[in-house]
Amino acid sequence: MGYERQADFGTPAVQSDEAVTLRIDGRDVTVPAGTSVMRAAAECGGAIPSLCATDSVKAFGSCRMCLVEIEGRRGTPASCTTPVEPGMVVQTQTPLLQKLRKGVMELYISDHPLDCLTCSANNDCELQDTAAEVGLRDVRYGYAGESHLGLPTDSSNPYFDFDPSKCIACSRCVRACDEVQGTFALTIEGRGFDSKISAGQSGDDFLSSECVSCGACVQACPTATLQEKAVAEIGKPERAVITTCAYCGVGCTFRAEMRGEQLVRMVPWKDGKANRGHSCVKGRFAWGYAHHQDRILDPMIRESTDEPWRVVSWDEALAYTAARLSAIKDEYGARALGGITSSRCTNEETFLVQKLVRAGFGSNNVDTCARVCHSPTGYGLKTTFGTSAGTQDFDSVMAADVILVIGANPTDAHPVFASRMKRRLRQGAKLIVIDPRRIDLVRSPHVQAAHHLPLQPGTNVAVLTAMAHVIVSEGLANEEFIRARCDWDEYQDWARFVSDARHSPEVLEAVTRVPAAELRGAARLYATGGNGAIYYGLGVTEHSQGSSTVMAIANLAMATGNIGRPGVGVNPLRGQNNVQGACDMGSFPHELSGYRHISDTAARSLFEQDWGVTLDAEPGLRIPNMLDAALDGSFRAIYIQGEDILQSDPNTHHVAAGLKAMDVVIVHDLFLNETANYAHVFLPGSTFLEKNGTFTNAERRIQLVRKVMEPANGLEDWQVTQELARAMGLDWNYSHPSEIMDEIARLTPTFAGVSFERLDREGSLQWPVNDKAPNGSPIMHVDGFVRGPDGKGKGKFVVTDYVPTDERTGPRFPLLLTTGRILSQYNVGAQTRRTGNTVWHDEDLLEIHPTDAENRGLKTGDWVRLASRTGETTLRAEVTERVAPGVVYTTFHHPATQANVVTTEFSDWATNCPEYKVTAVQVAPSNGPTEWQESYASWSEKSRRIAPGPAE
Amino acid sequence: MDPARLIYMANQIARNLAAQGEAAAIAATAQHLRDFWDPRMKAAILAADHGALEPIARAAVELLRN
């Protein structure tokens, strides 16, 4: 694709069952009723000049450029604000219109610098285009009068500049911030000629304002007023490639706009069905890590982690690795080997890693980062609904009447979807938030939760059981739905259980600390408020009852009939870009791709025949089990692709001890991450910009990742895995990831209809894609739950009893720590810490309530010691009422903090997903780093040494 | 594998399935161990001292012998 701007129809598309036919410039056009004349003209190939209109925001009618003449109507109405009518006859170009437009344009240009040749938007500027379209040849007013020329540029944002002297006050940026992003950070300050765009209060710049740097304003700006710094530095792109973001599970699609192999900017793709043309600060701007100086491009090996790394050729690295793995397998057996697939890599890469472990290593010891995030989703939704994934597409939220957010912080962790959610809330949908923290959604501009239930961490099941108690005991259950769609006997067992008086909100208030009346109100609203949709995150799963909570959520949705149509459902907000895909691809030790148990002889034999090997029929080790087994000597080697378990997994000391005990640790990554400090082989990885493949997002949407530049390390990650397999004697000969997808489709019923050719043609597909759902499945469980052999089974109610966590507060550790993420950083920060995003967050902070802070003599900015029964670290405090008394909160983005030194090994009973959200801690003033932090920093520095190469 | 850790895990599974009633919980706990535990984990808990296993978990582990 060459470079051209994305199509802009001027005003948003309208959904209507009624069609209207009109005539524009002699051409008949039929559009949905409610469409603007401007959009209708664009849809029949016309282009009415405009400046203040763009199809991401509502019509505004301020620039007076898009005027038209309409037969039988007086004056010259603005086409953007004029809806079409049947039989309307429109002229978009007449002598009168030409004169009016030229006059308006003269006024604009009289206050605009004429530096087009040196302007960063040269030849990519709508003002320039419009001047050309109206035939502007002269400005009668000259340039000597009062103007806004020469105003200083605001360069405070790390990624874009705001040059007010180029602003035409079209207000597109303000409206994009309001309508698309929903932050309301920008405004027009002053009136008339003095109108100026302002970020926040006077005195604020973009960085100090409420701006979240999503880029919507930059995308909407018709001039160079809001412009990416990279465009100013590099120049206008010359081609654009559609690809998929490698950050969170929303799965935004972007146009990677390139000059040669240099990425100029990432612009959200308007046709992307996950993001609908929107973006966040990470996907839009934080891609600089791809070329960061820390990136390792050559393979390295060492005998011992005490030694410096030795740079070697790919051949030597692969031969060394294969020999070490084979020797361990010969001496200790196949079950001494294992691997971890990456939720940041593609489906094809993930599939190959699990294939290498199962078919090459000969064990089922394969796991993935979902172990520490959404493995309870897999267990819980498979048990209740029949498959391990969310039920809806993202568009569904626009049909929700009640949105229940539990244990998720969408504005920080899934910001692009959060903007859709906020748009629906501004339209009037009601919001329930169940979260120990007062997350931004609870109250933000034009959004206020009807109910916020600030529960005690660790009591999710009790809260949900109390809600179920209200729904059942007050007769609010949808018995018609339950009788038709669920197992009635199981429902009755469940209903009896939740109806017991010991599960009433009043009794459980002592445990949950949620006022009973508030909880009853929330339950009634969810059950009776129309379409009820539940969105949840790691605040649900990362508990000792994570799986129980997922099942309790599913129970609520079934009990109220909120399944199987737009606007309802159970929606896990998946963390990493391809964590859904990694799970789908058979990354769990007990499951083959498509969630078929390894003991299922029929499923296993399909793979055995295709791969020409015999597979182990027993489940393998999960990540925490691998670390335990390493300490007893029965697990000795691991291949880790794109995952930093030392920083991300709980109880860092235990992880370090497990890794240290292994004979061979192979890290395949972009950077020498924390886990690599314990590695013997480093295989350099490639970024998402350097590879072909697919990612699957939280709505089961499979989308292509397209290579826009050659891998700096020489190989895409699937090629590295293939070469390692070949070095171990496996006859793999994939020449392109599409061939791997063909194998996945051949072996996985839910992917039967997926191919690269089809994805390229259709943009995306939501699994299942097969004979029963040839065009994919935006919404699941429409006619029946996908349980049982025919896939039309009954939903299963599961009794979920509240079992308190064994992690308890007491005199030594009186506070509860919960951990999470913030907008500008991503997971362990390996990528975002190597971008300009550090300007917003360059250290982990401990949020603590003013009462708890005062009791300890702490104020914002003080260094504090955070200690648990497991370990301790130091970081700085932020005193805030976002957390309740007795609760503290921090992020885990920075290795200098190592928040997981403090977290425990308590985990979900069903999946061993760590209980990150509940750790009993004490907080006290501190003078500096802990002994662990100092010794780790020293060890880390020593471990990252690379031996100098031989003199040439 | 550390037997104490495995016993803790088995007890935790059993406690979370106990609401199904004793017989069902024993069967479900045993099935859970079959479905999700690696063979060395199953072997280790069978070989461990079962004194610290709670009744449902103990009965479930016994079922693994079959």
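The values are calculated or read from the model by the stated rules, or taken from the named source; none is laboratory data. Computed from a predicted model, the values in this text were never measured in an experiment. We place every Cβ from the backbone using ideal geometry, glycine too, and count neighbours over all the protein chains shown.
For every residue, the table says whether it meets (1) in a loop (DSSP other than H, G, I, E, B); (2) within 26 Å of A:Arg882 (Cα to Cα); (3) more than 14 Å from chain B (Cβ to nearest Cβ); (4) not polar (S, T, N, Q).
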residue: A:Asn775; (1), (2), (3), (4): yes, no, yes, no
residue: A:His781; (1), (2), (3), (4): yes, no, yes, yes
residue: A:Arg808; (1), (2), (3), (4): yes, yes, yes, yes
residue: A:Pro811; (1), (2), (3), (4): yes, yes, yes, yes
residue: A:Thr819; (1), (2), (3), (4): no, yes, yes, no
residue: A:Asn827; (1), (2), (3), (4): yes, yes, yes, no
Check every one of the strands (runs of 3 or more DSSP E) wholly within region A:212-314 and list those with 2 or more residues that are small (Gly, Ala, Ser).
none
I'd like the full set of residues that are of a type in the set (Asp, Glu) and closer than 19 Å to A:His148 by Cα, limited to region A:171-203.
A:Glu189, A:Asp194
Restricting attention to region A:785-806, which residues are of a type in the set (Gly, Ala, Ser), under 31 Å from the mean Cα position of the chain (by Cα) and part of a strand (DSSP E or B)?
A:Gly795
Among (1) under 21 Å from A:Gln647 (Cβ atoms); (2) in a helix (DSSP H, G or I), which single condition is A:Thr851 missing?
(1)
Can you work out which of the residues in region A:80-101 that are without any contact (Cβ under 8 Å) to a residue 60 or more places away in the chain and crowded, with 17+ Cβ neighbours inside 10 Å is farthest from the chain's Cα centre (by Cα)?
A:Leu97
Spans of helices (runs of 4 or more DSSP H) in region B:1-60 with at least 1 residues over 19 Å from A:Asp908 (Cβ atoms), away from every other protein chain (no Cβ under 13 Å) and without any contact (Cβ under 8 Å) to a residue 60 or more places away in the chain
B:22-36, B:39-47
Would a scan of region A:602-618 turn up a residue that is in contact with a Leu (Cβ under 8 Å, 6 or more places away or on another chain), among the small types (Gly, Ala, Ser) and touching a residue at least 24 places away in the same chain (Cβ under 8 Å)?
no
Is it the case that some residue within region A:515-537 is over 22 Å from A:Phe797 (Cα atoms) and touching a helix residue (DSSP H, G or I) at 6+ places or on another chain (Cβ under 6 Å)?
yes
Of the conditions (1) surrounded by 19 or more Cβ atoms within 10 Å (Cβ to Cβ); (2) at pLDDT 95 or above; (3) within 24 Å of A:Ala359 (Cα to Cα), A:Pro711 satisfies every one except a single condition; which number is it?
(3)
Condition first: outside any helix (DSSP H, G or I), touching a residue at least 60 places away in the same chain (Cβ under 8 Å) and within 14 Å of chain B (Cβ to nearest Cβ). Can you find one or more residues in region A:567-589 that meet it?
yes
Applying the selection to region A:919-941, what residues are assigned to a strand (DSSP E or B) and either in contact with a helix residue (DSSP H, G or I) (Cβ under 9 Å, 6 or more places away or on another chain) or of a type in the set (Phe, Trp, Tyr) (or both)?
A:Val923
Do we find a residue being closer than 30 Å to A:Phe892 by Cβ and buried (at least 21 other Cβ atoms within 10 Å of the Cβ) anywhere in region A:473-496?
no
Does A:Cys63 meet the test of being in contact with a strand residue (DSSP E or B) (Cβ under 8 Å, 6 or more places away or on another chain) and either crowded, with 17+ Cβ neighbours inside 10 Å or over 26 Å from A:Cys173 (Cα atoms) (or both)?
no
Would you check if A:Glu843 is over 30 Å from A:Arg700 (Cβ atoms), more than 14 Å from every other protein chain (Cβ to nearest Cβ) and over 18 Å from the mean Cα position of the chain (by Cα)?
yes
Checking A:Tyr936, A:Tyr889 in turn, the sole residue that is at pLDDT 90 or above, surrounded by 15 or more Cβ atoms within 10 Å (Cβ to Cβ) and hydroxyl-bearing (Ser, Thr, Tyr) turns out to be A:Tyr889
Scan region A:854-873 for residues that are closer than 24 Å to A:His653 by Cα and part of a loop (DSSP other than H, G, I, E, B) and report the count.
3
Of all the residues that make up region A:672-698, how many are farther than 22 Å from A:Gln293 by Cα, out of contact with any strand residue (DSSP E or B) (no Cβ under 6 Å at 6 or more places or on another chain) and surrounded by 24 or more Cβ atoms within 10 Å (Cβ to Cβ)?
2
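Let's see how each residue does on (1) away from chain B (no Cβ under 14 Å); (2) surrounded by 23 or more Cβ atoms within 10 Å (Cβ to Cβ); (3) among the β-branched types (Val, Ile, Thr):
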{"site": "A:Asn855", "(1), (2), (3)": "yes, no, no"}
{"site": "A:Leu866", "(1), (2), (3)": "yes, yes, no"}
{"site": "A:Val883", "(1), (2), (3)": "yes, yes, yes"}
{"site": "A:Pro895", "(1), (2), (3)": "yes, yes, no"}
Which one is nearest to the other protein chains (Cβ to nearest Cβ), of the residues in region A:356-386 that are surrounded by fewer than 24 Cβ atoms within 10 Å (Cβ to Cβ) and touching a Leu at 6+ places or on another chain (Cβ under 9 Å)?
A:Gly362
So the check is Cβ under 6 Å with 6+ separation or different chains; which pairs have a first residue in region A:537-557 that's within 14 Å of chain B (Cβ to nearest Cβ) and surrounded by 24 or more Cβ atoms within 10 Å (Cβ to Cβ) and a second one that's of a type in the set (Gly, Ala, Ser) and part of a helix (DSSP H, G or I)?
A:Ser547/A:Gly380; A:Val550/A:Gly380; A:Met551/A:Gly380
Taking the criterion of being more than 14 Å from chain B (Cβ to nearest Cβ), under 25 Å from the mean Cα position of the chain (by Cα), at pLDDT 95 or above and assigned to a strand (DSSP E or B), would at least one residue in region A:593-600 satisfy it?
no
Report yes if A:Asn927 is surrounded by 22 or more Cβ atoms within 10 Å (Cβ to Cβ) and not hydroxyl-bearing (Ser, Thr, Tyr), otherwise no.
no
Any chance A:Asn912 is assigned to a loop (DSSP other than H, G, I, E, B), within 14 Å of chain B (Cβ to nearest Cβ) and not hydroxyl-bearing (Ser, Thr, Tyr):
yes
Residues that are among the β-branched types (Val, Ile, Thr), within 23 Å of A:Leu823 (Cβ to Cβ) and not in a loop (DSSP other than H, G, I, E, B), drawn from region A:874-902:
A:Val879, A:Val887, A:Val888, A:Thr890, A:Thr891
Restricting region A:124-157 to residues that are within 36 Å of the chain's Cα centre (by Cα) and assigned to a loop (DSSP other than H, G, I, E, B), the one surrounded by the most Cβ atoms within 10 Å (Cβ to Cβ) turns out to be A:Asn157
A:Glu905 passes all but one of the listed conditions (1) farther than 24 Å from A:Arg513 by Cβ; (2) assigned to a loop (DSSP other than H, G, I, E, B); (3) more than 14 Å from chain B (Cβ to nearest Cβ); (4) of a type in the set (Asp, Glu); the exception is number (3)
